[in-house]
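*Asks:* My questions will all concern the structure given below.
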2 protein chains.
Amino acid sequence: MIEVGFIGLGNMGQPMVKNLLKAGFKVKVYNRTPNKASEVVEAGAEQVNRPCDTVTPDGIVVTMVSNDQVLEELVYSPDGIGEKLGKDGIHLSMSTVAPDTSRRLAKYHQEKGSFYIASPVFGRPEAAEAQKLWVMSSGNQGAKERVKPIQEAMGQKVFDLGEEPGNANVVKLGGNFMIMAAMEAMAEAFNLAEKNGMDRETVAEVYTSTLFNCTVYNGYGAMIAKKMFEPAGFQLALGLKDCNLVLDEANQTKTPMPLANLVHNRLLASAAKGRGNQDWSALTKLANEEAGME
Amino acid sequence: MIEVGFIGLGNMGQPMVKNLLKAGFKVKVYNRTPNKASEVVEAGAEQVNRPCDTVTPDGIVVTMVSNDQVLEELVYSPDGIGEKLGKDGIHLSMSTVAPDTSRRLAKYHQEKGSFYIASPVFGRPEAAEAQKLWVMSSGNQGAKERVKPIQEAMGQKVFDLGEEPGNANVVKLGGNFMIMAAMEAMAEAFNLAEKNGMDRETVAEVYTSTLFNCTVYNGYGAMIAKKMFEPAGFQLALGLKDCNLVLDEANQTKTPMPLANLVHNRLLASAAKGRGNQDWSALTKLANEEAGME
């Protein structure tokens, strides 16, 4: 039975671990807040007390945590995975982080003889549960091949984005930005319809059954039409973090992104209004409020 | 054999007439520039010299023209269809025009005892050819039922948007705005990837085979990734006209639409640079140019 370490048992991590267990992997889990492990332990995972205890020498550790700083601490801290992963060990990093964080960690792991694969995913917790995540993958070719069965146990498709470690993160950030843009666009279009006396859900149905019949518009279209932003599948505070990463990357590469600036302002104002814990589609409340609507 | 009038033989009108002929309708066509009728005449349509000559008393006339002014002239001018349509005649208006234009024309036709159905479509000329248009429909219920076989001969689905004549136009304008927003979003995301050394088409493929697997992103994604904006399926100058209609409607109904303002500026600048005859996806050239890219 292949052993895998898994660090980070949030909304996404928990269903991902369950799918690894279902696929027959032996999984050692660690989470900063230990009581979040109860469900996966019940499902067969072994809980350990330190990040480094998830490591099997030469093995694979998956990380799925909330931001760059947490990820780097998990690698570099004295009880982190960095020193212990060892020659040929692989860090499969599935969090949404900056491309530069991946580049830095890839270099660090390389110096230790281990590998770093950037592997963020598209899909919300429901998709994770249903093993329907889309998994991106960039880094060393041989290491990518070794982690593929693990990625496939959690997702419906794996995209190979080359050997440059930051690539998968760039694509993930760009995708999250495109979701934010789609949410703002739907809000404005639905508001125009509502102001003309039409039913938002009927209008959403026209768009999402024709030109925009895809995951993002179907999922968020219904929420934005109904103005229902809870429960939070993906918290607005995390969306703001991702949007900041998009703008950082835009800044570094000198890529003006006026639409990213617009949605960044939406997220920032939403956070200022105390909506950080709501679903990120709540960024569309601002358009409603500006239009004098509930 | 049911007779139908058809006015407006542009990129969209021609394939639409051909599908009416295929479905067994007898079609009388009129176009301002007469020589554009040659293909449909060859396919079996009868060409007439004045708009009013397309009218069969109590019958149905379809209009598919480039803007509000042309449409109103076709109705009100001495040789227009307005006076001649007669009691129970129906004007099936498929152009993309302002909701207020539809409301005004509906009122005019009602005074004459005839009917006006607003029925703009989603889909480019290829979709028109393949009888794959999505057809929206708003206006008098009985008249909507009478025109349905005609709409179905040209499209894959008809959406009933109620009796208020402007509704279908509001939904059409909102949809065109959402397309513009999607194009700008893709341009910015693809540029970020290109600036990071990635292949635009690979990245477009990731987005359009996952979260954004729908008509708009698949079609325009490929064009924006390749930076190929010709031939023009839908001219940028017409996109600018539609965006102006969106902002007019936003203004009238007091619906702030910052993203619509952003894409409006893109279209305006593109027109200023002489790109009015290119496909409207050429609005994305500005993002490329701002990023110092070809």
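The values are calculated or read from the model by the stated rules, or taken from the named source; none is laboratory data. Being a predicted model, the structure only gives us computed values, none of them experimental. Note that each Cβ is placed from the backbone with ideal geometry, even for glycine, and that neighbours are counted across all protein chains shown. The area values use the complete protein model at the heavy-atom level, side chains included, leaving out ligands, DNA and RNA. Shrake-Rupley method; radii C 1.70, N 1.55, O 1.52, S 1.80 Å.
*Asks:* Hey, can you tell me all the residues within the range A:187-230 that are assigned to a helix (DSSP H, G or I) and among the basic types (K, R)?
*Replies:* Going through the range A:187-230, the residues assigned to a helix (DSSP H, G or I) turn out to be A:187-195, A:200-208, A:215-226.
Selection gives A:K195, A:R200, A:K226.
*Asks:* Do we find that A:A153 is touching a residue at least 60 places away in the same chain (Cβ under 8 Å), outside the structural domain of A:S270 (by TED's automatic domain parsing) and part of a helix (DSSP H, G or I) in this structure? Before the answer, list the steps.
*Replies:* Details: touching a residue at least 60 places away in the same chain (Cβ under 8 Å): yes; outside the structural domain of A:S270 (by TED's automatic domain parsing): yes; part of a helix (DSSP H, G or I): yes.
So A:A153 passes the test.
*Asks:* For the structure I just gave you, tell me whether B:G274 is open to solvent by 30 Å² or more (accessible area, probe 1.4 Å), farther than 18 Å from B:P99 by Cβ and either assigned to a loop (DSSP other than H, G, I, E, B) or modelled with pLDDT under 95 (or both).
*Replies:* On the way: open to solvent by 30 Å² or more (accessible area, probe 1.4 Å): yes; farther than 18 Å from B:P99 by Cβ: yes; either assigned to a loop (DSSP other than H, G, I, E, B) or modelled with pLDDT under 95 (or both): yes.
Criteria met by B:G274.
*Asks:* When you scan the range B:191-200, do you find a residue that is more than 27 Å from A:F190 (Cβ to Cβ), among the charged types (D, E, K, R), free of Cβ contacts under 8 Å to residues at least 12 places away in the same chain and out of contact with any Asp or Glu (no Cβ under 6 Å at 6 or more places or on another chain), even just one? Steps first, answer last, please.
*Replies:* Step one: filter the range B:191-200 for residues more than 27 Å from A:F190 (Cβ to Cβ), giving B:191-200.
Those still in the list that are among the charged types (D, E, K, R) too: B:194-195, B:199-200.
Filter again for free of Cβ contacts under 8 Å to residues at least 12 places away in the same chain, leaving B:199.
Okay, now just the ones that are also out of contact with any Asp or Glu (no Cβ under 6 Å at 6 or more places or on another chain), so B:199.
Yes.
*Asks:* Pull out all pairs, ordered by first then second residue, where Cβ-Cβ is under 8 Å, the residues are six or more apart or on different chains, the first lies in the range A:129-144 and is within 12 Å of A:N167 (Cα to Cα) and assigned to a helix (DSSP H, G or I), and the second is aliphatic (A, V, I, L, M) and open to solvent by less than 10 Å² (accessible area, probe 1.4 Å).
*Replies:* none
*Asks:* Quick check: is even one residue across the range A:231-249 in a helix (DSSP H, G or I), of a type in the set (D, E, K, R), within 7 Å of another protein chain (Cβ to nearest Cβ) and buried (at least 21 other Cβ atoms within 10 Å of the Cβ)? Give the steps one after another, and end with the answer.
*Replies:* Within the range A:231-249, the first condition is being in a helix (DSSP H, G or I), and the residues that meet it are A:236-249.
So of that shortlist, the ones also of a type in the set (D, E, K, R) come out as A:241-242, A:248-249.
With the extra rule that they be within 7 Å of another protein chain (Cβ to nearest Cβ), the set shrinks to A:249.
Narrowing further to those that are buried (at least 21 other Cβ atoms within 10 Å of the Cβ): A:249.
Yes, there is a match, as at least one residue in the range A:231-249 is in a helix (DSSP H, G or I), of a type in the set (D, E, K, R), within 7 Å of another protein chain (Cβ to nearest Cβ) and buried (at least 21 other Cβ atoms within 10 Å of the Cβ).
*Asks:* Among the candidates A:D58, A:D88, single out the residue that is under 20 Å from A:G142 (Cα atoms) and in contact with a strand residue (DSSP E or B) (Cβ under 8 Å, 6 or more places away or on another chain).
*Replies:* Values: A:D58 fails: in contact with a strand residue (DSSP E or B) (Cβ under 8 Å, 6 or more places away or on another chain).
Every option except A:D88 fails the conditions.
*Asks:* Among the residues of the range A:156-173, which ones are more than 7 Å from every other protein chain (Cβ to nearest Cβ) and free of Cβ contacts under 8 Å to residues at least 60 places away in the same chain?
*Replies:* A:Q156, A:K157, A:V158, A:D160, A:L161, A:G162, A:E163
*Asks:* Sticking with this one: Looking only at the range B:238-294, count every residue that is under 21 Å from the mean Cα position of the chain (by Cα) and of a type in the set (D, E, K, R) and tell me the total.
*Replies:* Of the residues in that region, 7 qualify.
*Asks:* In the range B:250-287, what count of residues is obtained for those that are closer than 24 Å to A:T253 by Cβ and within 10 Å of chain A (Cβ to nearest Cβ)? Before you say what the answer is, go through the steps one by one.
*Replies:* Taking the range B:250-287 as the starting set, the residues that turn out to be closer than 24 Å to A:T253 by Cβ are B:259, B:262-263, B:265-266, B:269-270, B:281-287.
With within 10 Å of chain A (Cβ to nearest Cβ) added as a condition, the list becomes B:259, B:262-263, B:265-266, B:286-287.
Result for the range B:250-287: 7.
*Asks:* Looking at this structure, is A:P165 assigned to a loop (DSSP other than H, G, I, E, B) and closer than 25 Å to A:G113 by Cα?
*Replies:* Working: assigned to a loop (DSSP other than H, G, I, E, B): yes; closer than 25 Å to A:G113 by Cα: yes.
For A:P165, the condition - assigned to a loop (DSSP other than H, G, I, E, B) and closer than 25 Å to A:G113 by Cα - is met.
*Asks:* Given the conditions (1) open to solvent by 10 Å² or more (accessible area, probe 1.4 Å); (2) away from every other protein chain (no Cβ under 14 Å); (3) more than 18 Å from A:F159 (Cα to Cα); (4) touching a helix residue (DSSP H, G or I) at 6+ places or on another chain (Cβ under 9 Å), report the number of the one that A:H109 does not fulfil.
*Replies:* Answer for A:H109: the failing condition is (1).
*Asks:* Could you please let me know if B:L173 is modelled with pLDDT of 95 or more and either aromatic (F, W, Y) or under 12 Å from the mean Cα position of the chain (by Cα) (or both)? Step through it out loud before you land on a result.
*Replies:* Values: modelled with pLDDT of 95 or more: yes; either aromatic (F, W, Y) or under 12 Å from the mean Cα position of the chain (by Cα) (or both): yes.
It is true that B:L173 is modelled with pLDDT of 95 or more and either aromatic (F, W, Y) or under 12 Å from the mean Cα position of the chain (by Cα) (or both).
*Asks:* When you scan the range B:193-207, do you find a residue that is facing another protein chain (nearest Cβ under 8 Å), within 27 Å of B:G13 (Cβ to Cβ) and touching a strand residue (DSSP E or B) at 6+ places or on another chain (Cβ under 9 Å), even just one?
*Replies:* Of the range B:193-207, the ones facing another protein chain (nearest Cβ under 8 Å) are B:193, B:195-198, B:202-203, B:206-207.
With the extra rule that they be within 27 Å of B:G13 (Cβ to Cβ), the set shrinks to none.
Within the range B:193-207, not a single residue is facing another protein chain (nearest Cβ under 8 Å), within 27 Å of B:G13 (Cβ to Cβ) and touching a strand residue (DSSP E or B) at 6+ places or on another chain (Cβ under 9 Å).
*Asks:* Just checking, how many residues over the range A:85-104 are of a type in the set (D, E) and under 19 Å from A:K241 (Cβ atoms)? Full working, then the answer.
*Replies:* From the range A:85-104, those of a type in the set (D, E) are A:88, A:100; that's our starting set.
From what's left, under 19 Å from A:K241 (Cβ atoms): A:100.
Summing the residues that are of a type in the set (D, E) and under 19 Å from A:K241 (Cβ atoms) in the range A:85-104 gives 1.
To keep it simple, each residue is scored yes or no on (1) surrounded by 24 or more Cβ atoms within 10 Å (Cβ to Cβ); (2) modelled with pLDDT of 95 or more; (3) in the same structural domain as B:L245 (by TED's automatic domain parsing).
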residue	(1), (2), (3)
B:Y116	yes, yes, no
B:P120	yes, yes, no
B:K148	no, yes, no
B:F177	yes, yes, yes
B:E201	no, yes, yes
B:E205	no, yes, yes
B:T208	no, yes, yes
B:N213	no, yes, yes
B:A222	no, yes, yes
